[in-house]
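Chemist: Take a look at the following structure, please.
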Amino acid sequence: MRLPLLLTLAAAAVPAAIAAVERQVTIDEVRIEGTRLVHPDRIRFVTSVRAGRSYGAERELPLILADDLRAVERMGPFTDTRTELVFGVDPGRVTVVFRVTELPYVVKLEFSGLDHAGWSAESDLRKRIETKVGGYANPLILENDLRAVERFFRDKGHRGATARVRRGEVAGGIELLIEVDLPPAVEVGRVFYRGLPDGMRRRRFDDLLDRTQVNRPGRPWQPEMLPLDQGDTVRALQDEGWLDCVLNGVEVERSDFVRPLDERRRNGPEFVPDGVYDDRVHLVYDLAAGERYKLGSVSFVGNTVAGSEELRAAFALPEGAWFRRTDIARSVERARRVISNKGYARCRISQERRVDLDTRTVHLILRFDEGRQYRVGRVDIRGNLMTRDGVVRRAVALHPGELWNDDAIDESRRQILRGGLFKDDPRKPLSLRPTFPEDRPDETDLVIDLEEESSGSLQVQVGYSSATGIFGQFGYTERNFDLWGALTDPGTSWRGGGEILETDLNWSEDRNSLSLGWTDPSLGEGPYSLGVNGARIESSQRDWDEKRLTGTVSLGRYFLRRDLRLGLSYGYTDIEVGDLDDDAPDDAEEGSYFYNSLGLSLSYDRLDNARLPTSGLLLSASDTVQGAVLAATDPINEYVLKGDGFLPLLEAEDGGVTFVHLGARWRHSIPIGDNDEVPFYQRYLGGGPAPRHRGFGFNELTPRSINKNGYEARDGGDRDLIATLELSYPLQGYNDGVRAVLFTDAGNVWGVDESVSADDVRYAWGFGVRFPMQFPISLDFAWLVDAREGESSSQVHFGLGQVRF
């Protein structure tokens, strides 16, 4: 036992012995050479070698110097850094020399040659290059920056763009001037398709290619991408059923585009090839489409869980239908889900096609690999850094112990997104996927990967509104509030519960208001909702001064996976009316009024997003009794019908959806008890910014009469209709950006003794802009159809908020 121990001790002692015998050298001086503006002591500060110290010459000193070189290079201003050892007469003493090349300090950086490149070109270039003012001019990085500038312009159609840099010595550093030689941009003019089959409409074909092709009309000409565009063109026709389609070639024609201000534009053809600038490229695709194929028979192989008849019924696409790729893919997925929805999470289908060239039909054989039946094990939620797991779990339609179901996964996705708390970016969509743990062969875990949306919005604004004049606003909305956490731990736990908190303070020349509301959409994590709202309003927008104090409590019960809600509410309102104007209605009286109200409501919500919907449907109906059962100054019964529908038309690459919005609302108040008519303070007045009738000024759409003072009074009505049709387009390509809107409004307000007729409906049309959600401002320009005497034919509405009624 002693011999191995002695050998171990001897082996451990060898490195120490070698270090002991290594030749030692003492540092006489640490010299810094090559610096200009940087003081040598800054380099000495980051290095560890020191004068007067002794180091091992063969191993220790080289390692230390290597570390010091890396430390000097990390400082940034130096390149070509190296060290040298200078020995004197005494071999035991040495001078360490750090030789550096100091990079010049960039005092100024400018561009030239960008006069015709657009107002944002320079700012875009400064973001793309690494060389910055206040940094150092590294030759290698600067060369890469020049190539980046050239790529930037070539991608915009300036195919021959070149960039070079000029340097100028100034006090404290250098000035850089990046000169850009910018030839005229070459754009794609027109794209023609020779041989396009009769069954393919040109507009539809353009829509199919608009997302995939690079060289589209109006875009920069990129010849290196033309082979990919050729493949996309052929595949587009093949996917529509022309399976034999081939491309014979592409003709590229160059021409000179004549600008709109050119005289030849008004007196000659649009394209004049005069040879001065060949800045347009026209493409002619020569297609040989062949005949279009149809779907033949569909057979199923390997299915044991479901019969062929059930699968064929789910496949749905009939024999003889055109063999479109998207239709076939949807049908195959429907057939697969017949089996996967029974727990077979790994069910896969492979397609075998048998083509009959004589009849131009494709017979499909779908081979099933059903796999094992799985039940859900765990539900793992990731990415909810602030939101509680329970908020997500109550939206999940699939629970541990249940058989796997793909339709339930789709429903879970819809329910998670409808609250507006999580993102669904096309580049990183919301993910719900199965994982299969090896230790539980009969179970699959559901993994939900989330990215939280900004749930709070703060508004502090001062401005001018066409409805209220000069205004001020302070508002805060939190869609992920947690009341219990705010009460128990307000510092860290006041968010994450999925509740909604809304506060709003408004001031204007004729209206001041303060409101506070709280809603729990899933009371106790169950199918119930609870809401509490209160508001105080002081207004002179009508023909008297009015103060209202209101409070409302509402309780709801959800059905049909939270799409259908039945609600019951109680409210109290106290009203003070004073200082009547001379043009007030004859029945308006100063005094105090109040009412208790009971309401019953029913709503059906299939919107895709509560905050900014782009598709879906929202329908609601309510009946509110003011008085009768409970006390009220003037008992009435009001019922309201509302509807909003959103139809998506197009989706941009960044997810922005172009959609059509159709909204409508009908209100009707009926006096009950001893009342003969609806009281003056409860009657309807229309007109103003959306969601009101934009063809009229604020509160200007109303029945009128001459009052006892001889003035024209706005009487108000007991029935109110407003409908709007809008086309909304995302100008910036994403949903939260600036939007352009085309709209038409229709509606009217009917007085007590007036009958409702379609001939009475007033129409207006116009356009507007919706600014980003961070600044929820709307600007609308409206024109009234068939304006009557005394009515303005046009209106401009400036308002706050993205509103829906």
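The values are calculated or read from the model by the stated rules, or taken from the named source; none is laboratory data. Model, not experiment: these values are computed from the prediction. Heads up, the Cβs are rebuilt from the backbone with ideal geometry, glycines too, and the neighbour counts pull from every protein chain shown. Accessible surface areas use protein heavy atoms only, side chains included; no ligands, DNA or RNA. Shrake-Rupley method; radii C 1.70, N 1.55, O 1.52, S 1.80 Å.
Chemist: Could you tell me the calculated FRET efficiency between Asp587 and Leu650, based on Cβ-Cβ distance and R0 = 51 angstrom, to the nearest 0.05? All intermediate terms of the calculation are to be shown ahead of the outcome.
Modeler: On the way: r = 52 Å, r/R0 = 1.02.
Plugging the Cβ-Cβ distance into 1/(1 + (r/R0)^6) gives 0.45.
Chemist: Also, I was wondering about something else. Which of the aspartates and glutamates could a cross-linker bridge to Lys127, judged by Cα under 18 Å and excluding same-chain residues fewer than eight apart?
Modeler: Output for Lys127: Glu110, Glu143, Asp145, Glu150, Asp155, Glu179.
Chemist: Let me ask you something else. Please report, as a whole percent, how much of the solvent-accessible surface of segment 654-805 comes from carbon and sulfur atoms (probe radius 1.4 Å). All intermediate terms of the calculation are to be shown ahead of the outcome.
Modeler: Values: 3750 of 6930 Å².
Carbon-and-sulfur percentage of accessible area, whole number: 54.
Chemist: Can you tell me how segment 476-549 classifies by the Cα gyration tensor, rounded, prolate or oblate, using a/c under 1.5 as the rounded cut? Working shown, then result.
Modeler: On the way: a/c = 3.76, a/b = 2.27, b/c = 1.65.
Because a/c hits 1.5 or more and a/b exceeds b/c, segment 476-549 counts as prolate.
Chemist: What is the distance in Å between the Cα centres of segment 728-745 and segment 179-203?
Modeler: Each part reduced to its Cα centre gives a spacing of 27 Å.
Chemist: Rg/Rh for segment 502-615 to two decimals, with Rh computed the Kirkwood way over all alpha-carbon pairs. Numbers along the way, then the final one.
Modeler: Numbers: Rg = 18.2 Å, Rh = 16.7 Å.
On the Cα set of segment 502-615, Rg over Rh gives 1.09.
Chemist: Can I ask one more? Counting each DSSP H run of 4 or more residues in the chain as -39500 (n - 2.57), what helix-only mean residue ellipticity at 222 nm follows after dividing by all residues, to the nearest 500 deg cm²/dmol?
Modeler: Working: 13 runs with 142 residues, N = 805.
Calculated at 222 nm, the ellipticity per residue is -5500 deg cm²/dmol.
Chemist: To the nearest 20 debye, what is the magnitude of the charge dipole of segment 78-234 about its Cα centre, counting +1 on the Cβ of each Lys and Arg and -1 on the Cβ of each Asp and Glu?
Modeler: Details: 25 positive and 25 negative charges, 121 e Å.
Computed about the Cα centre, the dipole is about 580 debye.
Chemist: Using only alpha-carbon positions, what ratio does the radius of gyration of segment 571-642 give when scaled by 2.2 N^0.38 Å?
Modeler: Working: Rg = 17.8 Å, N = 72, 2.2 N^0.38 = 11.2 Å.
Output field value: 1.59.
Chemist: Let me ask you something else. HN-Hα J couplings of segment 683-698 from phi, Karplus 6.51/-1.76/1.60, θ = phi - 60°, integer Hz, Gly and Pro as x?
Modeler: Karplus values, whole Hz, x for Gly and Pro: 7, 8, 10, x, x, x, x, 4, x, 8, 6, 7, x, 10, x, 5.
Chemist: Using a 1.4 Å probe on the protein heavy atoms, what percent of the accessible area of segment 385-485 belongs to carbon and sulfur? Before the final figure, lay out each step's value.
Modeler: Values: 2680 of 4790 Å².
On segment 385-485, the fraction of accessible area on carbon and sulfur atoms equals 56 percent.
Chemist: Express the relative contact order of segment 100-165 as a whole percentage, based on alpha carbon pairs under 8 Å and six or more residues apart in sequence.
Modeler: Details: 53 pairs, mean separation 19.8, N = 66.
Rounded, it is 30 percent for segment 100-165.
Chemist: Measuring from label point to label point, each 7 Å out along Cα→Cβ, what is the Asp489 to Ala313 span in nm?
Modeler: 5.3 nm
Chemist: So, one more: In nm, what is the difference between 0.36 nm times the number of residues separating Arg346 and Tyr711 and their Cα-Cα distance?
Modeler: Details: separation 365, 0.36 × 365 = 131.40 nm, distance 7.74 nm.
This chain segment gains 123.7 nm when fully extended.
Chemist: Also, I was wondering about something else. Keeping all protein chains in place, calculate the accessible area per residue for the chain (probe 1.4 angstrom), answer in Å².
Modeler: 52 Å²
Chemist: Separate question: How much accessible surface does Lys156 have with a 1.4 Å probe, in Å² rounded to 10?
Modeler: We get 90 Å² for Lys156.
Chemist: Note the direction-averaged projected area, equal to a quarter of the hull surface, for the Cα convex hull of segment 34-182, in nm². Let's see the in-between values first.
Modeler: Details: hull surface 45.8 nm².
With the hull built on Cα positions only, its mean projection is 11.5 nm².
Chemist: Within segment 693-718, which residues have the backbone N less than 18 Å from the label spot 7 Å out from Glu791 along Cα→beta-carbon, could you tell me?
Modeler: 693-706, 712-718
Chemist: How big is the Cα convex hull of the chain in projection, averaged over all directions, in nm²?
Modeler: Mean projected area for the chain: 59.5 nm², to one decimal.
Chemist: Let me ask another. Which residue, chosen from Val94, Thr212, Thr519, occupies the Cα position most advanced towards the positive end of the dipole of the chain, where the dipole is computed from +1 (Lys, Arg) and -1 (Asp, Glu) charges on Cβ about the Cα centre?
Modeler: Comparing the listed Cα positions along the dipole, Val94 ranks first.
Chemist: Something else: If I stretch the segment between Glu60 and Val752 completely, what's the gain in nm (0.36 nm per residue apart, minus their alpha carbon distance), one decimal? Intermediate values should be presented prior to the final figure.
Modeler: On the way: separation 692, 0.36 × 692 = 249.12 nm, distance 10.14 nm.
In short, 239.0 nm is gained.
Chemist: Order Asp425, Asp244, Asp676 by their accessible area, 1.4 angstrom probe, all chains in place, largest first. The partial results should precede the final answer.
Modeler: Values: Asp425 50, Asp244 70, Asp676 145 Å².
So, going from the largest accessible area down, we get Asp676, Asp244, Asp425.
Chemist: Here's a follow-up. Expressed as a rounded percentage, what relative contact order does segment 304-457 have, with Cα pairs under 8 Å and six or more residues apart?
Modeler: Details: 241 pairs, mean separation 31.8, N = 154.
Reported relative contact order: 21 percent.
Chemist: Return the long-range amide H neighbours of Arg31 (sequence gap of 5 or more, or a different chain), with a cut-off of under 5 Å between placed amide H atoms.
Modeler: Here the answer is Val96, Val97, Phe98, since their amide H atoms fall under 5 Å of that of Arg31.
Chemist: In addition: Pick out the long, greasy-scoring helices in the chain: whole DSSP H runs spanning 24 Å or more along their own axis by Cα, mean Kyte-Doolittle at least 0.5.
Modeler: Details: long enough: 2-21 (28 Å, 1.90).
Helices meeting the criterion: 2-21.
Chemist: How big is segment 280-416 on each of its three principal axes, counting only the C-alpha atoms and giving the largest first in Å?
Modeler: Per principal axis, max minus min of the Cα coordinates gives 59, 55, 20 Å.
Chemist: Oh, and also: By its C-alpha gyration tensor, with a ≥ b ≥ c as the square roots of the eigenvalues, how is segment 355-494 shaped: rounded for a/c under 1.5, else prolate for a/b larger than b/c, else oblate? Write out the running numbers ahead of the final one.
Modeler: Values: a/c = 4.17, a/b = 1.66, b/c = 2.51.
Taking the square roots of the gyration eigenvalues as a ≥ b ≥ c, segment 355-494 is oblate.
Chemist: Using +1 on the beta carbon of Lys and Arg, -1 on that of Asp and Glu, and nothing else charged, what's the dipole of the chain about the Cα centre, debye to 20?
Modeler: With Lys and Arg at +1 and Asp and Glu at -1, about 3700 debye.
Chemist: Can you pull the percent of segment 19-68's accessible area that's carbon plus sulfur, 1.4 Å probe, other chains left in place?
Modeler: Working: 1610 of 3070 Å².
The C+S portion of the solvent-accessible surface of segment 19-68 is 53 percent.
Chemist: If I ignore ligands, DNA and RNA and count only protein heavy atoms, how much of Ile470 is accessible to a 1.4 Å probe, in Å² to the nearest 10?
Modeler: Near enough 80 Å² of accessible area.
Chemist: If r is the Cβ-Cβ distance from Phe192 to Asn512 and R0 is 45 Å, what FRET efficiency results, to the nearest 0.05? Walk me through the numbers before you get to the answer.
Modeler: Details: r = 63 Å, r/R0 = 1.41.
Rounded to the nearest 0.05, the efficiency is 0.10.
Chemist: I need to check one value: relative contact order of the chain, counting alpha carbon pairs closer than 8 Å and at least 6 residues apart, in percent. Write out the running numbers ahead of the final one.
Modeler: Values: 1811 pairs, mean separation 38.9, N = 805.
Averaging sequence separation for qualifying contacts and normalising by length gives 5 percent for the chain.
Chemist: Rounded, prolate or oblate: which fits segment 632-704 when a ≥ b ≥ c are the square roots of the eigenvalues of the alpha-carbon gyration tensor, with rounded for a/c under 1.5 and prolate only if a/b beats b/c?
Modeler: Details: a/c = 4.59, a/b = 2.34, b/c = 1.97.
Here segment 632-704 falls in the prolate category.
Chemist: Among Trp750, Leu555, Leu317, which residue has its Cα furthest toward the positive end of the charge dipole of the chain, with +1 on Lys/Arg Cβ and -1 on Asp/Glu Cβ?
Modeler: Leu317
Chemist: Next up: Assuming R0 = 51 Å, what is the FRET efficiency of Leu530 and Trp783, from their Cβ-Cβ distance, to the nearest 0.05?
Modeler: Details: r = 44 Å, r/R0 = 0.87.
Given R0 = 51 Å and the Cβ-Cβ separation, E is 0.70.
Chemist: Give me a comma-separated list of calculated 3J(HN,Hα) values for segment 279-285, in order, Karplus coefficients 6.51, -1.76, 1.60 applied at θ = phi - 60°, integers in Hz, x for any Gly or Pro.
Modeler: 10, 9, 10, 10, 10, 10, 8
Chemist: Continuing with this model, one more query. Keeping all protein chains in position, work out how much accessible area Asp80 exposes to a 1.4 Å probe, and write it in Å² to the nearest 10.
Modeler: Accessible area of Asp80: about 90 Å².
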